[in-house]
Amino acid sequence: MKAHLSRRYLFSASHRLHSEAMSSEENKTTYGKCNNPYGHGHNYIVEVTVSGQVDEKTGMVCNLVDLDTFIEREVLARYGHENLNTLPEFAGEVPTTENLCIQIYEIVHRGFAHAHLETIRLEETMMNSFEYAGDQGS
Amino acid sequence: MVYLTRKAEFSASHFYHNPEFTPEENLRTFGKCNNPNGHGHNYTLEVTVKGEVDPRSGFVVDLKQLKEIMHREVLDAMDHRFLNKEVPEFLHQIPTTENIAIAVWQRLESKLQQARLHRVRVYETPHLFVDFYGEK
């Protein structure tokens with residue numbers, strides 16, 4: 001039988017929303033407080049949902065240790081306590097939570113082989129969350 | 001089609017062990033969860049049903065009935081129990097969150113009358129949960 005397993009992880013990071021393609025007035029209008037040149041931070045919660053057949057021998061979709069080890073090494077160590085704007089993937093892209101959600105999806109999709117990645121859901125605050133399930137066309 | 005979700009909580013203990021594995025294999029696969037004396041969780045169960053809204057009652061499902069079925073079929077059997085030893089499904093199957101979600105689905109599916117079961121979600125902790133949609 002096929003089941004979906006979801007695991008939630010927390011990391012803290014800072015960012016500034018600023019687009020080189022906009023004038024400074026436009027940036028202020030578009031991003032408001034988030035355009036503050038000194039940046040600001042969030043406690044992000046990333047919710048990873050994977051799916052697969054429940055293994056009859058273990059009763060599991062995948063071993064949690066494998067998932068935890070992968071996410072800690074590839075996602076939490078990469079983004080935790082970092083300024084997102086200084087990372088190469090955001091050199092030419094605004095580190096909005098939408099873009100961060102897509103980056104995390106790509107990392108897990110590319111590197112985690114123990115189960116099928118369904119979605120990445122990223123909470124920026126308790127009020128805002130974003131979800132990405134891969135490019136499914138428009 | 002409207003979806004309705006009802007939550008419930010239950011507390012239970014369990015451990016993970018496959019008698020076909022060697023002790024080393026069990027420990028390697030299940031880690032701390034292999035402790036034969038068990039450990040416990042406060043589980044949160046979310047049952048989502050779907051259906052058309054009945055024009056007379058305005059309900060997808062009679063919530064009172066759904067609550068009673070969840071209590072009778074799931075909570076009475078699993079709340080404050082040692083799952084491995086007291087719940088028939090888990091005498092010969094490991095009570096992982098995946099298998100609990102499947103067992104809850106199987107216990108509820110045939111008992112619902114008005115609405116159809118859409119999803120069973122079982123939270124083992126606030127940071128770990130399993131969804132089962134009845135898929136093979």
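Inter-chain Cβ neighbour count for A:59-69, averaged per residue, equals 4 (cutoff 10 Å, partner chain atoms only). Farthest towards the positive end of the charge dipole of the range A:2-132, among the residues A:V61, A:H15, A:F112, is the Cα of A:V61, using unit charges on the Cβ of Lys, Arg, Asp and Glu.
Which residue fluctuates most in the GNM of chain B (Cα springs below 10 Å): B:V60, B:V120, B:V104? Looking only at B:V60, B:V120, B:V104, the largest GNM fluctuation is found for B:V60. Within the same chain, aspartates and glutamates fewer than 8 places from B:K111 are excluded, and of the rest, those with a Cα less than 12 Å from its Cα are B:E68, B:E73.
If you take each beta carbon of peptide B:125-135 and count the beta carbons of other chains within 10 angstrom, what is the mean?
Values: counts 2, 1, 7, 7, 7, 9, 7, 5, 5, 2, 6.
That works out to 5 on average.
Roughly speaking, what is the centre-to-centre gap between the range A:39-71 and the range B:98-136 when only Cα atoms are used, to the nearest Å? What the calculation gives is 19 Å, centre to centre. Separation of the range A:117-134 from the range B:35-97 is 27 Å, based on Cα centroids.
Evaluate 2.2 N^0.38 Å with N set to the residue count of the range A:1-64, then give the Cα radius of gyration divided by it.
Details: Rg = 20.1 Å, N = 64, 2.2 N^0.38 = 10.7 Å.
Cα-based Rg divided by the globular estimate yields 1.88.
Laboratory data are not the source of any read-out in this text; all were calculated from the coordinates shown. Note that this is a predicted model, so its numbers are computed, not measured. Ideal geometry is used to build each Cβ from the backbone, glycine not excepted, and the neighbour counts take in all protein chains shown.
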